[in-house]
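Colleague: Can you keep this structure in mind? I'll have questions shortly.
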Amino acid sequence: MTSQPSPAYVARVAAVFNNNGNGVRGDLAAVVRAILLDDEARGAPPGGFGKLREPVLRVTHWARAIGAHSVSGSWLLTWELETSGQRALASPTVFNHYRPGYVPPNTSFAAMGSTAPEFQIVNESSVAAWINTAEAMAGSGLGWTGSTNDVKVDYAALGSSVADGSLHRLADQLDLLLLSGRMSAALRSGVLDAMAAIPDSTTAASNRARAATFLVLASPEYVSQP
Amino acid sequence: MTANRRAFFRASAGLAAAAAAPGLRLHVPLAMGLAGLGALASQRAQGAGIQDGYKALVCLYLAGGSDSHNWLLPTDTANRASYATARGELAWPTDRVQDIGNGGQASGRSFGMPVELAPLRNWYTQGKLGWLANVGTLVRPVSKADFQAGLGLPAKLFSHNDQAATWQSLQPEGAPTGWGGRMGDILMAANQRPVFTAVSASGNAVFLSGSNVTQYQVGTNGPVAINGAQDGWRAGSSAVPGELRKLLAGSGANAFEAEYLRVVQRSLATSGTLQAALDAGPALDLPSAPITLPAGTPLALANDALARQLRIVARMIAAGPAMGMKRQVFMVSVGGFDSHSFQMRDQPLLMGRVAHAVDWFLQTMQAQGQLNNVLLFSASDFGRGLASNGDGCDHGWGSHHFVAGGSVQGGHIHGSMPVTALGTADDLGAGRLLPSTAVTQYAASLGGWMGLGASDLAAALPNLGSFSGAPALV
């Protein structure tokens, strides 16, 4: 089952050997069953529990948590995620954008026979398109009213929390709102370095917020959900 | 998210038990066969004579189960009559059918194609397009009695996603590799840039995935560049590109991040090279002036999704030799073929789109001097039943497909055209026909052209030994 069963797994199996549930000790059939059917043997994909977040969730999370608003009031996002592989409410077939039974080839999931459905829309084009979309989210927004982007965040307001020069506070805020505290050390240092490289000016606060938000949205932490 | 239990038990059960069950349990024997595949790949590439020139295999996938009974239909009196009786309102009107002759089928039979497919018929009469009759997914040859008893059948017949996976990989959904990718595993050693061995213009599909070959996705305008990773002022700071590149260079904190980052890194590593190669090659623009289809519908290829996919494939083929590529497998797809309803309304446009896009592609390859090096073949989830449900027809099995290119044995109908009538020995109900040629055999003919020898083909197509021979498509 595994080269390194956890101590708890071993203990559970040992307990069955000691008592198969009917007061019998040494029931090997029960022991085999316990080994094969333990949650750890059956259910643990490599790296543990979790999933890759689909593009729609990446956008809705940002919009709700950071506080995006729609200029038109109609949230004109129809085509925004087409290139990321998931134009909402417009899946190519009745089988949705990706199948529950999808096993991504040439991955650790395939080696385990595990499904990872969201990977069916992950490819060289869609990952690049997502990061480009993230740049727009961190910039002037998504969608188009005819004269301006529709769904946007007031980064000047977001950045005002670092107007006093405390870059850590913004990093912490993005960690809380967008990453549930999962910001890695590497991401934190990248965010801080990018913000620190922006010289003071009237637009510095807004630009620092944009740079930090873009790096978070484009980070691997943001697209995964453990 | 839980592990696939079936795969778990298959892997943990004795391999001997799985290997003893012919055909159906392809997963484990395939894995066993693949164990040595990578190691032998370079030797096989040499042995298969892949030092010669350049070849590209292009899969045109018609998603949904194309009703090919109306793409290649009988025109001799007796068979036309039984076709018309069987199909009812789905029968293509005789005044919109163009004859193509006997095709090498039984004496007295003649066939035709709808006028909507006239561009393809042109290539047929030039000998550059051939038909393969009544091909379908098969584990081994089966009879109607076998079907009725459920013996030796492909898993999950008539299921879209499983039959699509079976066409592409010889296994139902969840297959880890496709036969295009498995052929790529053997052929990739001949390529200077193996990353571009198996290229999709149409989205993720198992067809192009091998043990070593990974499907490479290209957009219809070429690779998608990550703008924020290009040096300059991005998202508020000129430091952002450098920081982004650092973040994307990692290996992630869990399997999801790790696999996602691998794709990102491949995208970053290749988009510049590929874009430069495409820019150095011909633009191959699609015509924007609309073609008027027989029903009067305008078709502007420049705006057509299938034509745009074939255009990027054509550009990559044009750039292939300069990139040191010798063998490539491509995939393009078009949807809308699941004609349970509105079939007679929708089929003409679908036919027109496919015919004109493929025609443009073949003409372009010819102008580039590459027509002899390109082989385009059609594929679909399944055919459909002859019988009408009142407005369309339902999932079938055997279907007719075409191959096109300079090396094709064209002007010919390969395999055996069934009798287009209900109640025959091939009719499994509602005119769903038992295939007479297997996808495996179809693939073997294509793989042979690409340079795979007998043992290579057996490795890429695990149930090939269940069939005798392959159609001489090239």
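Colleague: What's the number of the condition B:Val213 fails, among (1) of a type in the set (Val, Ile, Thr); (2) open to solvent by less than 20 Å² (accessible area, probe 1.4 Å); (3) in a helix (DSSP H, G or I)?
Modeller: So the condition that B:Val213 fails would be (3).
Colleague: Output the helices (runs of 4 or more DSSP H) that fall wholly within the stretch A:39-157 and possess 2 or more residues being under 30 Å from B:Gly336 (Cβ atoms), or say none.
Modeller: In the stretch A:39-157, the matching helices (runs of 4 or more DSSP H) lie at A:55-62, A:124-137.
Colleague: For the stretch B:124-163, which positions are open to solvent by less than 20 Å² (accessible area, probe 1.4 Å) and assigned to a helix (DSSP H, G or I)?
Modeller: Residues satisfying the conditions are B:Tyr124, B:Asp162, B:Gln163.
Colleague: Counting only residues that are over 13 Å from the mean Cα position of the chain (by Cα) and under 21 Å from A:Glu118 (Cβ atoms), how many does the stretch B:150-205 have?
Modeller: Result for the stretch B:150-205: 9.
Colleague: Now a separate question. Being in contact (Cβ under 8 Å) with a residue 12 or more places away in the chain and among the hydrophobic types (A, V, I, L, M, F, W, C) is the filter; apply it to the stretch B:240-256 and report the residue that is farthest from the other protein chains (Cβ to nearest Cβ).
Modeller: Per the stated criteria, the residue is B:Ala249.
Colleague: Further, regarding this structure: Among the residues of the stretch A:167-214, how many are among the β-branched types (Val, Ile, Thr), surrounded by fewer than 15 Cβ atoms within 10 Å (Cβ to Cβ) and within 10 Å of chain B (Cβ to nearest Cβ)?
Modeller: So the count comes out to 1.
Colleague: Could you check, for the stretch B:106-119, whether at least one of its residues is assigned to a loop (DSSP other than H, G, I, E, B) and crowded, with 19+ Cβ neighbours inside 10 Å?
Modeller: No, the conditions are met nowhere in the stretch B:106-119.
Colleague: Please verify whether the stretch B:426-437 includes one or more residues that are closer than 21 Å to B:Val58 by Cα and in contact (Cβ under 8 Å) with a residue 24 or more places away in the chain.
Modeller: So far as the stretch B:426-437 goes, yes, one or more of its residues are closer than 21 Å to B:Val58 by Cα and in contact (Cβ under 8 Å) with a residue 24 or more places away in the chain.
Colleague: Across the stretch B:327-358, what is the number of residues that are away from chain A (no Cβ under 14 Å) and either among the aromatic types (Phe, Trp, Tyr) or open to solvent by 30 Å² or more (accessible area, probe 1.4 Å) (or both)?
Modeller: Going through the stretch B:327-358 one residue at a time, the tally reaches 8.
Colleague: Yes or no: B:Ser333 more than 25 Å from the chain's Cα centre (by Cα) and outside any helix (DSSP H, G or I)?
Modeller: So B:Ser333 fails the test.
Colleague: Right, something else. From the set of residues in the stretch B:54-81 that are free of Cβ contacts under 8 Å to residues at least 60 places away in the same chain and not in a helix (DSSP H, G or I), which is least open to solvent (accessible area, probe 1.4 Å)?
Modeller: Going through the stretch B:54-81, the residues free of Cβ contacts under 8 Å to residues at least 60 places away in the same chain turn out to be B:75-78, B:80-81.
Adding the requirement that they be not in a helix (DSSP H, G or I) leaves B:75-76.
Numbers: B:Thr75: 45, B:Asp76: 20 Å².
If we take residues in the stretch B:54-81 being free of Cβ contacts under 8 Å to residues at least 60 places away in the same chain and not in a helix (DSSP H, G or I), then B:Asp76 is least open to solvent (accessible area, probe 1.4 Å).
Colleague: A further question on this structure: What are the residues in the stretch B:188-198 that are open to solvent by less than 10 Å² (accessible area, probe 1.4 Å) and touching a helix residue (DSSP H, G or I) at 6+ places or on another chain (Cβ under 6 Å), if any?
Modeller: Scanning the stretch B:188-198 gives B:Thr197, B:Ala198.
Colleague: Would you mind finding the one in B:Gly369, B:Gly335, B:Gly352 that is on the phi > 0 side of the Ramachandran plot, small (Gly, Ala, Ser) and assigned by TED's automatic domain parsing to the domain that holds B:Pro93?
Modeller: Only one candidate passes the filter, namely B:Gly369.
Colleague: Let me spell it out: the conditions are (1) over 19 Å from B:Gln275 (Cα atoms); (2) under 24 Å from the mean Cα position of the chain (by Cα); (3) open to solvent by 10 Å² or more (accessible area, probe 1.4 Å), and B:Trp233 meets all of them except one. Which number is the exception?
Modeller: Going through the list (1) over 19 Å from B:Gln275 (Cα atoms); (2) under 24 Å from the mean Cα position of the chain (by Cα); (3) open to solvent by 10 Å² or more (accessible area, probe 1.4 Å), B:Trp233 breaks only (2).
The values are calculated or read from the model by the stated rules, or taken from the named source; none is laboratory data. Everything numeric in this text was worked out from a predicted model, so none of it was measured. Every residue, glycine among them, receives a Cβ derived from its backbone with ideal geometry; neighbour counts consider all protein chains shown. Surface areas here come from the heavy atoms of the whole protein model, side chains and all, with no ligands, DNA or RNA. Shrake-Rupley method; radii C 1.70, N 1.55, O 1.52, S 1.80 Å.
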